[in-house]
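Everything on this sheet refers to the single structure shown next.
The values are calculated or read from the model by the stated rules, or taken from the named source; none is laboratory data. Note that the structure is predicted; figures quoted are calculated from it, not measured. Please note: Cβ atoms are built from the backbone with ideal geometry, for glycine as well, and neighbour counts cover all protein chains shown. Ligands, DNA and RNA are stripped out before the accessible areas are found, and what is left, the full protein with its side chains, is counted by its heavy atoms. Shrake-Rupley method; radii C 1.70, N 1.55, O 1.52, S 1.80 Å.
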Amino acid sequence: MPEGVAKVVIVGAGFGGLETTRTLRRVAADITVIDRQNHHCFQPLLYQVATAALSPADVAWPIRHILRAQKNATVLMADVQGVDTAQKLLHTNFGDMPYDYLVLATGAMHSYFGHDEWSAFAPGLKHIEDATRIRRSILIAFEQAEIVTDPIEQHRLLTFVIVGGGATGVEMAGAIAEIAQQTLHADFRRIDPRSARIVLIEAGSRLLPAFPPAQSDYVRNTLMHAGVTIMTDTMVTKCDARGVDLNSGRLDAGTIIWAAGVVASPAAAWLGAEADRAGRVKVAPDLSVPGHPNIFVIGDAAAVNDAKGRPVPGIASAAKQMGQYVGKLSPRALPAGLSASRSAICISAISRPSGGALRW
Ligand SMILES: Cc1cc2nc3c(=O)[nH]c(=O)nc-3n(C[C@H](O)[C@H](O)[C@H](O)COP(=O)(O)OP(=O)(O)OC[C@H]3O[C@@H](n4cnc5c(N)ncnc54)[C@H](O)[C@@H]3O)c2cc1C
């Protein structure tokens, strides 16, 4: 890198961070991509790993391999722990790293609504390790049910509870029903895997609350047809090693999967920035952090409205669009008062997308 080019540090090589990096591929900048994992995880297909339809290698790709042809980008595996905005330093478990521009694309994680102890019994689905843990739990439940002779214990082992009727919960319930009904039914002698009970629990009044009611109805009917029991208006009040307590009673289960809530990574705390209820940084329409024109938060870690004033959802395409947008910001469009090294981020050939607010 020639002297004086801007140091751009991108934290997170998920959908948002990778898209920012790729968009900056022809820019004279010294880009560092930091992730605590050495791989990019394609989260939309994790449920297929969790139900043994795909192997982990199908949904995880080494970040440095993805970026191997991008000479202006260096990949470092490290855990980011904070930001000193005054000194423009990123704190990592390997020491501090200076930046001129910082893009935080650190995503979100599952939330147990203050009951983190439930994670020991009810794994969420976010990482490869979660998917393989759930897969092991599902397959071992069938194995143990084949061995035990007590019908009550057999019934418990063959009960699979999914907490949360959003997209992930719906996908998991459908996929477990499919393996129980179709994939495994001829493989066992003492049990009939088709007798497995798959229970999808949702605290609200319908599945997929973020989608139109007609789609909720369609999904509900499809899942019920596949053999899934759906319990709406039902709250889980406790998870333990043998099942869940509900506001309507007890449900014993061999496998519990948590798909009920997400909370953003702690980027807001690192920056001392304002956050919404899900912990997402309330960014400006250009995705910069108010008061910090050289720091951007994108993807699931950011709270921003679309051009119609609706909150941008936490989905992969939105994270990618935000990554592209930030990668295309022209230095001329950034607020005044930038240092010489900052303006050396030579992306003047690419103009800032027109219009103040983002369009999706
Ligand atoms: C099971 C599941 C299914 C989904 N299905 C769909 C779907 O079908 N369609 C869809 O559009 N969206 C889907 N999504 C949502 C989609 O995956 C997210 O919206 C998207 O991944 C967000 O991208 P991101 O870049 O903001 O964060 P992520 O893709 O989550 O990437 C964040 C990255 O930051 C890294 N990181 C976090 N904290 C640190 C730290 N402190 N230090 C270093 N690195 C850190 C992480 O290791 C990770 O690589 C699904 C999500 C899940 C969990």
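Measuring nothing but protein heavy atoms, the accessible surface of segment 1-48 at 1.4 Å probe radius is 45 percent carbon and sulfur. Largest GNM mean-square fluctuation among LEU207, LEU46, LEU139, using the chain with Cα springs under 10 Å: LEU139.
When only Cα pairs below 8 angstrom with a gap of at least 6 residues are kept, segment 39-109 shows a relative contact order of 18 percent.
Per residue Cα convex hull volume for the chain, in cubic angstrom?
Working: hull volume 51.4 nm³, N = 360.
Looking at the chain, the number lands at 143 Å³ per residue.
A crude spin-label estimate for the pair ALA28 and THR149, with each label 7 Å from Cα along the Cβ direction, gives 8.0 nm. Atom-type composition of the exposed protein surface of segment 142-236 places 54 percent of the accessible area on carbon and sulfur (1.4 angstrom probe). The 1.4 Å probe gives accessible areas that order LYS126, LYS282, largest first, as LYS282, LYS126.
Can you give the relative contact order of segment 120-257 as a percent, counting alpha carbon pairs under 8 Å and 6+ residues apart?
In percent, rounded to a whole number, it is 29.
When the solvent-accessible area of segment 253-333 is split by element, carbon and sulfur atoms take up 53 percent of it, the probe being 1.4 Å. With a simple spin-label model that places each label point 7 Å from the Cα along the Cα-to-Cβ direction, the separation between ARG68 and THR229 comes to 5.1 nm.
Residue pairs exceeding 28 angstrom between C-alpha atoms, taken from LYS126/LYS308; LYS7/LYS308; LYS71/LYS308; LYS71/LYS126; LYS88/LYS126; LYS126/LYS320: LYS126/LYS308; LYS7/LYS308; LYS71/LYS308; LYS71/LYS126; LYS88/LYS126.
So how do PHE113, PHE160 rank on accessible area, 1.4 Å probe, biggest first, that is with the largest at the start? All intermediate terms of the calculation are to be shown ahead of the outcome.
Details: PHE113 130, PHE160 0 Å².
Ranking PHE113, PHE160 by accessible area, largest first, yields PHE113, PHE160.
With all protein chains present and a 1.4 Å probe, how do PHE142, PHE42, PHE211, PHE188 order by accessible area, largest first? Please list the in-between numbers first.
On the way: PHE142 0, PHE42 60, PHE211 90, PHE188 25 Å².
Ranked list, largest accessible area first: PHE211, PHE42, PHE188, PHE142.
Taking only protein heavy atoms and a 1.4 Å probe, what accessible area per residue, in Å², does the chain have with all protein chains in place?
Numbers: 17120 Å² over 360 residues.
On a per-residue basis, the chain sits at 48 Å².
For the pair ASN247 and ASN38, the difference between a 0.36 nm per residue extended length and the Cα-Cα distance amounts to 71.1 nm. A straight chain from ALA53 to ALA307 at 0.36 nm per residue would run longer than the Cα-Cα distance by 87.6 nm. Our helix-only sum for the chain, with -39,500 (n - 2.57) per DSSP H run of n ≥ 4 divided by its residues, gives a mean residue ellipticity at 222 nm of -7500 deg cm²/dmol. Using the Cβ-Cβ distance between ASN221 and ILE315 with R0 set to 25 Å, the FRET efficiency from 1/(1 + (r/R0)^6) comes to roughly 0.55. Look at the alpha carbon pairs under 8 Å that are at least 6 residues apart: their mean separation over the length of the chain gives a relative contact order of 21 percent.
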